[in-house]
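Undergrad: Let me give you the structure first, and then I'll get to my questions.
The values are calculated or read from the model by the stated rules, or taken from the named source; none is laboratory data. Just so you know, these numbers come straight off a predicted model, no measurement behind them. So basically every Cβ, Gly included, is an ideal-geometry build from the backbone, and we count neighbours across all protein chains shown.
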Number of protein chains: 2
Amino acid sequence: MKTQATRDKLIQIGAELIAEQGFNATGINAVLSRAGVPKGSFYHYFSSKEDFGLAVIDAFAEQYDARLVAILQAPDQPPLARLRRYFEAGRIDMHSCDHARGCLIGNLGQELSSRSEAFRARLDQVFRQWERHLVVCLEEARAAGEVAEDLDAERLAGFILAGWQGAMLRAKTTKSLAPMEAFEQVLFHELLGREVEPRKTAAGAAPETP
Amino acid sequence: MKTQATRDKLIQIGAELIAEQGFNATGINAVLSRAGVPKGSFYHYFSSKEDFGLAVIDAFAEQYDARLVAILQAPDQPPLARLRRYFEAGRIDMHSCDHARGCLIGNLGQELSSRSEAFRARLDQVFRQWERHLVVCLEEARAAGEVAEDLDAERLAGFILAGWQGAMLRAKTTKSLAPMEAFEQVLFHELLGREVEPRKTAAGAAPETP
């Protein structure tokens, strides 16, 4: 039980350090030291640094998935409002770390995809899971008449996931939320907004998209 | 002269190694060894590893900028065809490295933005320069009537740059060009395609976007 608690603590601190500085720059000793765990005991908990990194990804993915489901499947909100909340949550996260961290999965995907097949496959799996949640939300938006009937939910979910990752990268390099706000604006006003316009137009006066 | 040639060689090899494995994982000795330059002579050419990294960014940015201008300002092609060529060139690059490298500037932005203000500022400057080229191309597309008259070229240029970076990240994690193809499809069919439709519609029968 104590072993499990220590392992969890190492994973939690590892996630913080890796999000801040990347996987390669995060030393095992720095993690142990910040956790107050004796040097040399790392291999009692993990078979290798890669094993540790994969455990960090698993723990993060599990926590974040629960959060994503709570936002994107919130039963009391219409689908597009949930999507708005997803972007809002991302902007709040980015602001709260002063544009320093971004997305742990995106950062690791950038850093490790070509260096470790185990990491690449696991990170891809996490991204695909997130895409599934976006697909469900977009399909519900379609069913509710919030977006065009012919909307390709799979393709748009992939587009949103990738675009949002890129917007976070630009937010980090420009130290501003502007790229994330611009992404959301283009998505809602130019893409989703225009997709739904034909039906509004058919019903009568077409409201201007702001 | 010989000093300059050696320095250029170190920069070129540094760019390759950093694109493959990131900045932190690239050791100075590995660069010197691959370049056939004696160990210990690094500080004859660069004052620090950061100084070396910034020189790699400068050299890459200069080369890539010339390439970008040649594509996005090609005088013999209409603006949107040039934009298509820009995406095509990116897909060819990604395919030729088996989805391993992606964009050196994007990779470094992800890895270093929060760790070094010198890197962050320089990378942001490079991204902004690329955005300028995209703005010019989109403004020319607007002037040529290829996109809607009210197209916000600045905002869309930022959206394209960020989205394309995210699409490359997903291409790396999923080891496939599909995310880059999907980005291009959504951009041209859903976003730019729809933007130009109102004018076509006003002129008569509205062609279906494929």
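Undergrad: For residues that are among the aliphatic types (A, V, I, L, M) and more than 15 Å from the chain's Cα centre (by Cα), scanning just segment B:57-99, find the one that is surrounded by the most Cβ atoms within 10 Å (Cβ to Cβ). Can you show your working first?
TA: To start, the set of residues in segment B:57-99 that are among the aliphatic types (A, V, I, L, M) comprises B:57, B:59, B:61, B:66, B:68-72, B:74, B:80-81, B:83, B:89, B:92, B:94.
Those still in the list that are more than 15 Å from the chain's Cα centre (by Cα) too: B:74, B:80-81.
On the way: B:ALA74: 14, B:LEU80: 18, B:ALA81: 13.
Per the criteria, the residue is B:LEU80.
Undergrad: Determine, yes or no, whether A:VAL56 is under 30 Å from A:TYR86 (Cβ atoms) and outside any loop (DSSP other than H, G, I, E, B). Can you show your working first?
TA: On the way: under 30 Å from A:TYR86 (Cβ atoms): yes; outside any loop (DSSP other than H, G, I, E, B): yes.
It is true that A:VAL56 is under 30 Å from A:TYR86 (Cβ atoms) and outside any loop (DSSP other than H, G, I, E, B).
Undergrad: State all residues of segment B:20-48 that are part of a helix (DSSP H, G or I) and in contact with a Ser or Thr (Cβ under 9 Å, 6 or more places away or on another chain); if no residue qualifies, say none. Please lay out each step first, then the result.
TA: Step one: of segment B:20-48, the residues part of a helix (DSSP H, G or I) are B:20-21, B:28-35, B:42-45.
Across segment B:20-48, the qualifying residues are B:GLU20, B:GLN21, B:LEU32, B:ALA35, B:HIS44, B:TYR45.
Undergrad: Another question about this same structure. Could you check segment A:77-104 and list, in sequence order, the residues that are out of contact with any helix residue (DSSP H, G or I) (no Cβ under 6 Å at 6 or more places or on another chain) and hydroxyl-bearing (Ser, Thr, Tyr)?
TA: A:SER96
Undergrad: Which condition number does A:ALA121 fail, the rest of (1) of a type outside the set (Val, Ile, Thr); (2) closer than 16 Å to A:ALA141 by Cα; (3) surrounded by fewer than 20 Cβ atoms within 10 Å (Cβ to Cβ) being met?
TA: Among (1) of a type outside the set (Val, Ile, Thr); (2) closer than 16 Å to A:ALA141 by Cα; (3) surrounded by fewer than 20 Cβ atoms within 10 Å (Cβ to Cβ), A:ALA121 violates only (2).
Undergrad: Of A:ALA148, A:ALA178, A:ALA182, A:ALA171, which residue is small (Gly, Ala, Ser) and under 18 Å from B:HIS189 (Cβ atoms)?
TA: On the way: A:ALA178 fails: under 18 Å from B:HIS189 (Cβ atoms); A:ALA182 fails: under 18 Å from B:HIS189 (Cβ atoms); A:ALA171 fails: under 18 Å from B:HIS189 (Cβ atoms).
Sole residue among the options that is small (Gly, Ala, Ser) and under 18 Å from B:HIS189 (Cβ atoms): A:ALA148.
Undergrad: Only one of these is loosely packed, with under 15 Cβ neighbours inside 10 Å and within 14 Å of another protein chain (Cβ to nearest Cβ): A:GLY40, A:GLY27, A:GLY22. Name it. Break it down stepwise before answering.
TA: Details: A:GLY40 fails: within 14 Å of another protein chain (Cβ to nearest Cβ); A:GLY22 fails: loosely packed, with under 15 Cβ neighbours inside 10 Å.
Result of the check over A:GLY40, A:GLY27, A:GLY22: A:GLY27.
Undergrad: How many residues, within segment B:100-118, are in contact with a Ser or Thr (Cβ under 8 Å, 6 or more places away or on another chain), surrounded by fewer than 19 Cβ atoms within 10 Å (Cβ to Cβ) and free of Cβ contacts under 8 Å to residues at least 40 places away in the same chain?
TA: 0
Undergrad: Spot the failing condition for A:HIS189; the list is (1) surrounded by 15 or more Cβ atoms within 10 Å (Cβ to Cβ); (2) at pLDDT 75 or above; (3) assigned to a helix (DSSP H, G or I), and only one is missed.
TA: It fails just one condition, (1).
Undergrad: Taking the conditions exactly as written (in contact (Cβ under 8 Å) with a residue 12 or more places away in the chain and in contact with a helix residue (DSSP H, G or I) (Cβ under 6 Å, 6 or more places away or on another chain)), does A:LEU138 satisfy them or not? It would help to see each step written out before you state the result.
TA: On the way: in contact (Cβ under 8 Å) with a residue 12 or more places away in the chain: yes; in contact with a helix residue (DSSP H, G or I) (Cβ under 6 Å, 6 or more places away or on another chain): yes.
Yes, satisfied.
Undergrad: Just for segment B:113-165: of the residues that are among the acidic types (Asp, Glu), in a helix (DSSP H, G or I) and more than 7 Å from chain A (Cβ to nearest Cβ), which one is farthest from B:LEU192 (Cα to Cα)?
TA: B:GLU117
Undergrad: Could you tell me whether segment A:66-89 includes any residue that is within 14 Å of another protein chain (Cβ to nearest Cβ) and of a type in the set (Gly, Ala, Ser)? Step through it out loud before you land on a result.
TA: Keep residues of segment A:66-89 that are within 14 Å of another protein chain (Cβ to nearest Cβ), which gives A:87.
Checking which are of a type in the set (Gly, Ala, Ser) leaves us with none.
Checked segment A:66-89: no residue is within 14 Å of another protein chain (Cβ to nearest Cβ) and of a type in the set (Gly, Ala, Ser).
Undergrad: With A:GLN129, A:GLN165 as the choices, which residue is modelled with pLDDT of 95 or more, surrounded by 20 or more Cβ atoms within 10 Å (Cβ to Cβ) and of a type in the set (S, T, N, Q)?
TA: Numbers: A:GLN129 fails: surrounded by 20 or more Cβ atoms within 10 Å (Cβ to Cβ).
Only one candidate qualifies: A:GLN165.
Undergrad: Go through segment B:166-187 and give me each residue that's under 18 Å from the mean Cα position of the chain (by Cα) and at the interface with another protein chain (Cβ under 7 Å from one of its Cβ atoms).
TA: The answer is B:GLY166, B:ALA167, B:LEU169, B:ARG170, B:LYS172, B:THR173, B:PRO179, B:ALA182, B:PHE183.
Undergrad: Assess whether A:ALA100 counts as being farther than 30 Å from A:GLU140 by Cα, within 14 Å of chain B (Cβ to nearest Cβ) and not in a helix (DSSP H, G or I).
TA: yes
Undergrad: Can you tell me which of A:ALA5, A:ALA15 is more than 14 Å from chain B (Cβ to nearest Cβ), of a type outside the set (S, T, N, Q), without any contact (Cβ under 8 Å) to a residue 12 or more places away in the chain and assigned to a helix (DSSP H, G or I)? Walk me through how you get there before you give the answer.
TA: Numbers: A:ALA15 fails: without any contact (Cβ under 8 Å) to a residue 12 or more places away in the chain.
When all the criteria are applied, what remains is A:ALA5.
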